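For reference, the structure discussed in these notes is given below.
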Amino acid sequence: MNISIIVPLLNERESLNELEQRIASVMDGHGYSYEVIFVDDGSTDGSWDEIESLGRKNASVHGIRFRRNYGKSAALFCGFRRAEGDVVVTMDADLQDFPEEIPAMYEMIVRDGHDIVSGWTQHRQDNALTKNLPSKLYNATARRITGIRLHDMNCGLKAYRKDVVKSIEVYGEMHRYIPYLAKNAGFCDITEKPTQHAKRKYGTSKFGMNRFVNGFLDLISLWFLSTFGKKPMHFFGYSGILMFLVGFVMTIWIIVAKLCAQGNGLPYRPVTDQPLFYLALLAVVIGVIFFLAGFLGEMISRNSANRNDYNIKTEI
């Protein structure tokens with residue numbers, strides 16, 4: 001099979017029929033063998049009935065239905081697990097992504113050998129204040145931290161080599177950072193393609209402003225796990241030793257200053273009356289706690305069942 005198209009959705013009943021017709025027109029027009037996997041993330045508007053109806057009309061249409069809303073990452077995870085195509089495409093169900101972009105993205109994977117092709121919506125048809133500006137700031141931060149030069153990390157329209165989606169685990173709200181997950185798994189040939197973007201035709205957006213805050217926190221978590229996930233002592237141990245040394249030096253300084261004052265007959269304050277003493281004590285305690293956290297993290301990491309899981313590209 002050439003292409004698997006995964007469409008996560010929540011309450012998008014009105015757009016599904018038009019989306020399926022456009023996908024089918026593009027796929028049949030290019031002679032691709034394909035499948036469309038609609039993942040219903042707990043819809044309550046009859047979206048599943050529409051998916052079943054589309055499945056009866058077109059054997060290439062399949063569906064996965066969750067009992068409740070789990071989020072986009074869960075939907076993509078289940079879609080990736082089921083996908084059988086050589087190239088896996090993800091797109092939103094709101095008709096803002098254009099299925100007509102898929103053939104060019106497919107060729108960039110198959111012909112040019114890229115691992116991931118991410119859509120780049122250069123001219124977003126959204127509110128500039130609530131969507132466009134926060135998106136630009138978010139993407140600039142993501143580029144800085146991940147090192148992946150994508151202008152639109154969160155674009156729903158992406159194409160992946162099949163090996164990529166079978167080698168990563170999407171969980172929580174990490175769907176925003178699939179290119180970063182892929183990079184950490186060794187798939188580094190990531191590029192982008194300018195794509196069209198349409199105004200939402202039906203319904204309303206399911207994502208609020210909190211997605212930018214959550215996205216930033218997820219990015220920090222993912223960066224930390226990818227950098228120190230299998231070597232937590234390198235972070236907590238170094239930080240703990242540094243804090244301990246700072247506290248220790250401050251303590252020695254206070255004691256030496258007191259002894260010098262006593263020896264020269266100068267007035268001095270008791271050690272326990274000095275705020276610096278308590279700061280030094282706090283630094284020592286924090287240093288010990290950090291070091292112990294790193295030690296415990298190292299023990300957990302060493303006993304992890306997947307501590308020696310590696311993605312092997314080829315063997316001879």
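Remark on region 6-141: hydrodynamic radius 16.1 angstrom, per the Kirkwood mean of 1/r across alpha carbon pairs. Label-to-label distance, Phe228 versus Arg22, with points set 7 angstrom from Cα along the beta-carbon direction: 4.5 nm.
Report, in listed order, any pair from Lys72/Lys231; Lys158/Lys230; Lys166/Lys230; Lys72/Lys158 with a Cα-Cα distance greater than 19 Å. If you can, show how the numbers build up before the last one.
Values: Lys72/Lys231 30 Å; Lys158/Lys230 29 Å; Lys166/Lys230 21 Å; Lys72/Lys158 14 Å.
Exceeds cut-off: Lys72/Lys231; Lys158/Lys230; Lys166/Lys230.
Work out, in µm²/s and without decimals, the Stokes-Einstein translational diffusion coefficient of region 31-90 at 37 °C, 0.692 mPa s, Rh from Kirkwood over C-alpha pairs. Translational D for this selection: 270 µm²/s. Annotation: per residue accessible area for the chain equals 55 Å², rounded to a whole number [probe 1.4 Å, protein chains only].
Ranking Asn2, Ala140, Tyr278 by Cα position along the charge dipole of the chain, where only Lys, Arg, Asp and Glu carry charges on their C-beta atoms, puts Tyr278 farthest toward the positive end.
Please quote Rg/Rh for the chain to two decimal places, taking the Kirkwood radius as Rh and restricting both calculations to Cα atoms. My calculation puts Rg/Rh at 1.17.
Counting only the Cα atoms, region 221-276 fills a convex hull of 83 Å³ per residue. For the chain, the mean residue ellipticity at 222 nm estimated from helices alone is -16000 deg cm²/dmol, where every DSSP H run of n ≥ 4 contributes -39500 (n - 2.57) and the total is divided by all residues, rounded to the nearest 500. A Gaussian network model of the chain, with springs between Cα atoms under 10 Å, assigns the largest mean-square fluctuation among Leu76, Leu150, Leu259 to Leu259. Counting only protein heavy atoms and a 1.4 Å probe, tell me what percentage of the chain's accessible area is made up of carbon and sulfur. Of the solvent-accessible surface of the chain, carbon and sulfur hold 58 percent. Treating region 133-277 as a set of equal point scatterers at the Cα positions, no solvent, please give the Debye-formula log₁₀ I(q)/I(0) at q = 0.12 Å⁻¹. Log10 I(q)/I(0), no solvent term: -0.67.
Taking every Cα-Cα distance in region 1-65 and sorting them into 5 Å bins from zero, the calculated P(r) comes out as 4, 19, 32, 25, 13, 6, 1, 0 percent. Taken along its three principal axes, the alpha carbon spread of region 65-112 comes to 39, 24, 13 Å, from the longest extent down to the shortest.
Dipole magnitude for the chain: about 1140 debye, using +1 per Lys or Arg Cβ and -1 per Asp or Glu Cβ, origin at the Cα centre. Amide H to amide H distances under 5 Å link Ile6 with Ile37, Val89, Thr90, Met91, where only residues 5 or more positions off or on other chains count and H is placed in the peptide plane. Taking all Cα-Cα distances within region 156-198, those exceeding 11 Å account for 68%.
The values are calculated or read from the model by the stated rules, or taken from the named source; none is laboratory data. Just so it is clear, the structure is predicted and the values come from calculations on it, not from any experiment. We place every Cβ from the backbone using ideal geometry, glycine too, and count neighbours over all the protein chains shown. Note: areas computed on protein heavy atoms with side chains; ligands, DNA, RNA excluded. Shrake-Rupley method; radii C 1.70, N 1.55, O 1.52, S 1.80 Å.
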